[in-house]
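The values are calculated or read from the model by the stated rules, or taken from the named source; none is laboratory data. Keep in mind that what you see is a predicted model, and the values were worked out from it rather than measured. Backbone-built Cβ (ideal geometry, glycine too); neighbour counts: all protein chains shown.
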Amino acid sequence: MLPTIEWRDDAIVMVDQRKLPKQERYVKCRTGAQVVRAIKTMVIRGAPAIGVAAAMGLAMGVVRSKAKGTTQLAAEFYKLCDLMAGTRPTAVNLFWAIDRMKQVFAAAVRAGHSVEEVAARLRHEAQVIHDEDVESCRTMGSYGASVVPDKARVLTHCNAGALATAGYGTALGVIRRAVEEGKRVAVFAGETRPFLQGARLTAWELVRDGIDTTVITDSMAGSLMRDGQIDLVIVGADRIAANGDVANKIGTYSVAVLARAHDLLFYVAAPTSTIDLATPDGAHIPIEERDAREVTHLGASQLAPDGAGIRNPAFDVTPSQYVSAIITERGVCRPPYADSLREVVAGALSEVSR
Ligand code: MRU
């Protein structure tokens, strides 16, 4: 399986996703601050992977600490939590993972553990978050594979694969599982302007797995749908609001509207850690605006003239009415999402929803 992120000896090792597909390079983070930077600069990206990286980074900060006692340690730890939370605003998995690490930290300090013992507990929790993520992708895949018929031609957007998680993937996990079950599946990967996660990352990992993959520019999706060349859409998510509105990579909304116009099913695959019941709807999801250079340039070469205004919102919101179902590791949520999402976060879905 693809090594997205792992704790190896004294370092957190991540494949540098900015360099793929041309180079398979690894970045080693030995401090919490280095992980903060890795998330910010997209060495690692994708909602669940960011959560795992944040958890490991917080643990690394405490493992490396020279604090004399837990009061000093707490000051350092909460400062690092704030830095981590300031990296990227949209993917809720980041905040979910930070909260989980804060709870473990507070419990360990309350129990009177030494600095070393607190560090050991945080490191263990980060590994649990990592392992749970792989497990949940696999379970999500087994729930989701049933929506993929034999000979399906599936359009996906961005990268919701092994690289965006601790392994296996969400949307691509569903596709992987369908292929493992013997179904013949062809994937269309939208290139995903401007950061090209679809062309660079989705295509790279699917080709590696021997899955039939065709890269298209984002603007080709509508025409392919009209010509009957796409059967369904599966994407991931960065945050799902309580009413089922879905924030995902910019361009997802357009694909959802096109899918509806062509009577195609539009599925979202995401772990329950991506569901944010505290956010009532998509209008309340913070959307990250990234550096204009990602739009004006392709590598070193400039595409847009100096002086032009540039927008670069990294995500958009797909209203819940365009979403046919949300596939999670606890079952498949269907409308009305206000009920099914609450149910799935509380535990498991009723048999009907499964
Ligand atoms: O900006 P990115 O690359 O972090 O955005 C990632 C996405 O939008 C993914 O589709 C999403 O995180 C789902 S990942 C399983």
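Restricting the first member to region 39-64 and to residues that are buried (at least 24 other Cβ atoms within 10 Å of the Cβ), and the second to residues that are aromatic (Phe, Trp, Tyr) and part of a loop (DSSP other than H, G, I, E, B), the beta-carbon pairs closer than 9 Å and six or more apart or on different chains are 45/195.
So, residue 270, is that one within 16 Å of the ligand (Cβ to nearest atom), under 18 Å from residue 253 (Cα atoms) and touching a Phe, Trp or Tyr at 6+ places or on another chain (Cβ under 9 Å) or not? It is false that residue 270 is within 16 Å of the ligand (Cβ to nearest atom), under 18 Å from residue 253 (Cα atoms) and touching a Phe, Trp or Tyr at 6+ places or on another chain (Cβ under 9 Å).
Taking the criterion of being in contact (Cβ under 8 Å) with a residue 60 or more places away in the chain and in a helix (DSSP H, G or I), the residues of region 188-217 that qualify are 197, 200, 201, 203, 204, 205, 208. Taking the listed residues 306, 316, the one that is over 21 Å from residue 92 (Cβ atoms) and either in a strand (DSSP E or B) or not β-branched (Val, Ile, Thr) (or both) is 306, with no other qualifying.
Condition check ((1) out of contact with any Cys (no Cβ under 7 Å at 6 or more places or on another chain); (2) of a type outside the set (Gly, Ala, Ser); (3) within 29 Å of residue 18 (Cβ to Cβ)) across all residues:
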site: 253; (1), (2), (3): yes, yes, yes
site: 260; (1), (2), (3): yes, yes, no
site: 287; (1), (2), (3): yes, yes, yes
site: 298; (1), (2), (3): yes, yes, yes
site: 332; (1), (2), (3): yes, yes, no
site: 335; (1), (2), (3): yes, yes, no
site: 342; (1), (2), (3): yes, yes, no
site: 348; (1), (2), (3): yes, no, no
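Can you tell me which residues in region 259-273 are of a type in the set (Val, Ile, Thr) and surrounded by 24 or more Cβ atoms within 10 Å (Cβ to Cβ)? Once the filter is applied, which keeps residues that are of a type in the set (Val, Ile, Thr) and surrounded by 24 or more Cβ atoms within 10 Å (Cβ to Cβ), region 259-273 yields only 268.
Is it true that residue 255 is assigned by TED's automatic domain parsing to the domain that holds residue 152, over 13 Å from residue 144 (Cβ atoms), within 16 Å of the ligand (Cβ to nearest atom) and crowded, with 24+ Cβ neighbours inside 10 Å? So residue 255 fits the description; yes.
Of all residues in region 280-307, those that are away from the ligand (no atom under 16 Å from the Cβ) and not hydrophobic (A, V, I, L, M, F, W, C) total 11. Among the residues of region 7-58, those identified as among the acidic types (Asp, Glu) and over 27 Å from residue 157 (Cβ atoms) are 9, 10. Taking residues in region 148-170 that are under 17 Å from residue 273 (Cβ atoms), and partners anywhere that are within 9 Å of the ligand (Cβ to nearest atom) and basic (Lys, Arg), the pairs with Cβ atoms closer than 8 Å and at least 6 places apart or on different chains are 164/45.
Just one of (1) touching a residue at least 12 places away in the same chain (Cβ under 8 Å); (2) surrounded by fewer than 16 Cβ atoms within 10 Å (Cβ to Cβ); (3) closer than 22 Å to residue 172 by Cα fails for residue 10. It is (3).
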